[in-house]
1. With equal scatterers on the alpha carbons only and no solvent term, can you work out the Debye log10 of I(q)/I(0) for the range 2-101 at 0.11, 0.13 1/Å?
2. Just add up the charged neighbours of residue 24: K/R +1, D/E -1, any other residue whose Cβ is under 12 Å from the Cβ of residue 24.
3. With the radius of gyration and the Kirkwood radius both derived from the Cα set of the range 45-104, what is their ratio Rg to Rh?
4. Stretch residue 23-residue 74 to full length: gain in nm at 0.36 nm per residue minus the Cα-Cα span?
5. In a GNM of the chain with a 10 Å cut-off on Cα contacts, which of 19, 74, 93 has the highest mean-square fluctuation?
6. Compute the relative contact order of the chain as a whole-number percentage, counting only Cα pairs closer than 8 Å that sit 6 or more residues apart in sequence.
7. Quote the relative contact order of the range 1-55 in percent (integer), defining contacts as alpha-carbon pairs under 8 Å separated by 6+ residues.
8. Using the Kyte-Doolittle scale, which helices in the chain average at least 0.0 and also have C-alpha atoms spread 15 Å or more along the helix axis, with helices defined as whole DSSP H runs?
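Every read-out reported here was derived from the displayed coordinates using simple, explicitly stated rules and does not represent laboratory data. These figures come from a predicted structure and were not determined experimentally. No Cβ is skipped: glycine too gets one built from the backbone with ideal geometry, and neighbour counts run over all protein chains shown.
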Amino acid sequence: MSVIVQFAMFPTDKGASVSLYVSRILGMIRREGFIHQLTPMATIVETETLGEALEMINKAYRLLEPDCGRVYLSANFDIKKSPMGRMEQKVKSVEEKIKNSGVV
């Protein structure tokens, strides 16, 4: 199984810049060894099960909870009964189609 989750999580009570708090979450994702991609608006992570994805989000929240009074979370899931590696495969598929179309 492959679960791709795109999520954004950050405190809303810490001012305009929340990169310090996002870096806590990204550090945990990297320590856990998840396949991931950081984007300007969210983080995308691929896990083997929905439970693993939900636990990763719960761990992320627990990193912020001790010193953040309010936390924003938005998440989208793509759950498919297929092998891991879909994050990379999906991007390659689009890039190949662009290349083969002669558009770029």
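1. The Debye formula, applied to the Cα set alone, gives -0.37, -0.50.
2. On the way: positive: 14, 30, 31, 59, 62; negative: 65, 67.
Charge balance in the 12 Å sphere: +3.
3. Numbers: Rg = 17.0 Å, Rh = 14.4 Å.
On the Cα set of the range 45-104, Rg over Rh gives 1.17.
4. Details: separation 51, 0.36 × 51 = 18.36 nm, distance 1.69 nm.
Separation in residues times 0.36 nm, less the Cα-Cα distance, equals 16.7 nm.
5. 93
6. Working: 136 pairs, mean separation 46.2, N = 104.
In percent, rounded to a whole number, it is 44.
7. Numbers: 56 pairs, mean separation 26.9, N = 55.
49 percent.
8. Details: long enough: 19-32 (19 Å, 0.17); 50-64 (22 Å, 0.31); 86-101 (22 Å, -1.52).
Qualifying helices: 19-32, 50-64.
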